[in-house]
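Asks: I have a structure here, written as structure tokens, and I will follow up with some questions on it.
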Amino acid sequence: MRGSSSDYSPLQLVIVSIKLILRSLLDGFALPGKPKLYVVKRKGIINQLDQIKVDATEKSIDLELANNKNSDTGPDKLKLSDIMMAVYVEKTKQKPEDLAIVRFVRITEDGTNKAIRDAKKKLGLGDLEKFDVSSDSDGKKEEIFEDLKNTALGKAAEWLHKDFDTGKIEKIFVTDGVEQGTMTIHFDD
């Protein structure tokens with residue numbers, strides 16, 4: 001039967017596999033039924049700028065890597081929120097205002113990690129303990145909610161609201177460790 005694996009040499013099978021991998025990388029990659037991860041690059045820059053995963057079912061964006069802070073200083077530099085929303089709208093075919101969740105995974109941004117570390121200290125939590133704060137929190141949690149909103153990543157989420165009418169930040173969940181933890185932001189309806 002033509003096209004079976006026995007018709008190809010081992011080298012040809014490797015080449016076919018590489019082509020299939022490259023094709024899936026160019027249009028996002030994921031396990032079947034899982035959200036796809038997209039790599040954002042800029043012409044003339046060797047390294048990837050961002051890794052963004054979008055999920056139409058959950059109506060979410062997961063930012064897994066952000067390297068665009070110093071990639072461009074020109075007047076036409078895109079904000080991180082613009083890049084995230086462009087991938088979300090293009091790949092999920094949903095409207096910007098449908099976005100419900102943005103998740104910052106494996107946070108490496110110093111200011112956000114400091115705010116998370118400070119929040120855990122204020123709440124008397126250990127490094128690996130999780131917590132949540134919301135727009136209707138009071139006392140320490142209200143202060144922590146504002147502190148997290150004012151980090152670089154919190155501001156990126158706030159720009160999603162201001163520029164794309166996603167709804168206001170309603171709740172922030174912090175999980176995993178102090179360094180390279182995850183901050184999940186839910187928008188109101």
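Taken together, the values in this text are just the output of simple stated rules run on the coordinates, not laboratory data. Because the structure is predicted, anything quoted here is derived from the model rather than measured. So basically every Cβ, Gly included, is an ideal-geometry build from the backbone, and we count neighbours across all protein chains shown.
Yes/no per residue for (1) touching a helix residue (DSSP H, G or I) at 6+ places or on another chain (Cβ under 8 Å); (2) of a type outside the set (A, V, I, L, M):
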| residue | (1), (2) |
| --- | --- |
| 123 | yes, no |
| 127 | yes, yes |
| 131 | yes, yes |
| 142 | no, yes |
| 149 | yes, yes |
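Asks: Limited to region 89-140, what total is found for residues that are of a type in the set (S, T, N, Q) and either free of Cβ contacts under 8 Å to residues at least 24 places away in the same chain or touching a Gly at 6+ places or on another chain (Cβ under 6 Å) (or both)? Steps first, please.
Replies: Within region 89-140, the first condition is being of a type in the set (S, T, N, Q), and the residues that meet it are 92, 94, 108, 112-113, 134-135, 137.
Among the residues that remain, those that are also either free of Cβ contacts under 8 Å to residues at least 24 places away in the same chain or touching a Gly at 6+ places or on another chain (Cβ under 6 Å) (or both) are: 137.
Matching residues across region 89-140 total 1.
For every residue, the table says whether it meets (1) in a loop (DSSP other than H, G, I, E, B); (2) within 16 Å of the chain's Cα centre (by Cα).
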residue: 90; (1), (2): no, yes
residue: 111; (1), (2): no, no
residue: 136; (1), (2): yes, no
residue: 143; (1), (2): no, no
residue: 158; (1), (2): no, yes
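Asks: With the structure loaded, tell me whether residue 176 is surrounded by 14 or more Cβ atoms within 10 Å (Cβ to Cβ), acidic (Asp, Glu) and under 18 Å from residue 63 (Cβ atoms) or whether it fails that test.
Replies: yes
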